[in-house]
1. In segment 1-17, which residues are free of Cβ contacts under 8 Å to residues at least 60 places away in the same chain and either surrounded by 13 or more Cβ atoms within 10 Å (Cβ to Cβ) or under 28 Å from Tyr228 (Cα atoms) (or both)?
2. May I ask you to verify whether Ala40 is over 16 Å from the mean Cα position of the chain (by Cα), part of a helix (DSSP H, G or I) and within 23 Å of Thr100 (Cβ to Cβ)?
3. Please tell me if Ala91 is touching a helix residue (DSSP H, G or I) at 6+ places or on another chain (Cβ under 9 Å) and assigned to a helix (DSSP H, G or I).
4. Taking segment 19-29 as the region of interest, how many residues are outside any loop (DSSP other than H, G, I, E, B) and surrounded by 14 or more Cβ atoms within 10 Å (Cβ to Cβ)?
5. Could you tell me which numbered condition Tyr170 fails, if it satisfies all but one of (1) in contact (Cβ under 8 Å) with a residue 60 or more places away in the chain; (2) assigned to a helix (DSSP H, G or I); (3) under 28 Å from Ala261 (Cβ atoms)?
6. Could you grab the pairs with beta carbons closer than 6 Å, sequence gap of 6+ or different chains, first residue in segment 82-108 and within 17 Å of Tyr24 (Cα to Cα), second one assigned to a strand (DSSP E or B) and of a type in the set (D, E, K, R)?
7. Of the residues Leu92, Leu96, only one is over 19 Å from the mean Cα position of the chain (by Cα), modelled with pLDDT under 95 and surrounded by 22 or more Cβ atoms within 10 Å (Cβ to Cβ); which?
8. Scan (1) free of Cβ contacts under 8 Å to residues at least 60 places away in the same chain; (2) on the phi > 0 side of the Ramachandran plot for the single condition Gly60 breaks and write down its number.
Amino acid sequence: MTGTDPVQSNEYTRDYYNTSCQGYEEFAASRGGVLPARLAIPFHLADIQPKMKVLDIGCGRGEVVLHAAQAGAIVWGIDYASEAVRIAQEALAELLDHDTKARIGLGQCDAKLLPLADNSVDRIFMLDIVEHLHPDELRTAISEAKRVLLPGGQLIVHTMPNLWYYWFGYPVYRLLQRIRGQKLPANPRKRFPYGHLHVNEQTPTRLKRMLDSCGFSSKVWLSPIQDYSYEGNKLVRWGMEFLTHVYPFRWIFCNDIFAVATKVK
């Protein structure tokens, strides 16, 4: 894969979804019945009502599809990776009754070419897919989302990392950890086995410009979802919580970007 080649779908393996895709611990324990914060916040923002038509682009293991269907919506879950679709099918088969399953469609699909009619969907989720699409791919995918949304419909986005954290916050954290005896790589992506799958990480302002340029009216913000309970040093834990919650520090230490983009016409 070069700097501009699309990420290949076979890079998203079962191991990726079971060991690295955030929320895997909750999924292992509940098969999707419990949403991790990165999914729970967008799901709450969507305010899904019975009979709404919902599309989850990059549905992964199917957690949001499950909860949207349980809320009474008609739901399509699509993913670029065939392994994700299989995992979602397995999990939903275990948890849902026949009537709820009948309101769900799952399939492998490219976000850049959605198999839905214009003005046909009330809500669209793009959760942790933005950073996996090159800028031209992302623009096409967001334009496709706008096409299929009903006027007044909403696109709900979560992406991480926040590049401001990688540029300014991570070097500070790395220095602190070095003082404490832990050596971290200069490139923060090298901490994760699948870090190479991130090809288009965002800042809040960059994401807002993209959404607005595609014809949405958008609100973009940072919201901390990290749990620092693993940190044994209470002073360090307090410092992490302070820096991720309090302005202006949160701009460079908070790592999770959320957006709600409304189709205005």
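The values are calculated or read from the model by the stated rules, or taken from the named source; none is laboratory data. The structure presented is a predicted model; accordingly, all values stated were derived computationally and were not measured. Because the Cβ atoms are built from the backbone with ideal geometry, glycine has one as well, and the counts that use them run over all protein chains shown.
1. If the condition is that a residue be free of Cβ contacts under 8 Å to residues at least 60 places away in the same chain and either surrounded by 13 or more Cβ atoms within 10 Å (Cβ to Cβ) or under 28 Å from Tyr228 (Cα atoms) (or both), then Asp15 is the only one that fits.
2. So Ala40 fails the test.
3. Yes; evaluated as a whole, the condition is true for this residue.
4. Here the count works out to 3.
5. Going through the list (1) in contact (Cβ under 8 Å) with a residue 60 or more places away in the chain; (2) assigned to a helix (DSSP H, G or I); (3) under 28 Å from Ala261 (Cβ atoms), Tyr170 breaks only (1).
6. Here the result reads Val85/Asp79, each pair linking segment 82-108 to a residue that is assigned to a strand (DSSP E or B) and of a type in the set (D, E, K, R).
7. On inspection, the qualifying residue turns out to be Leu92.
8. (1)
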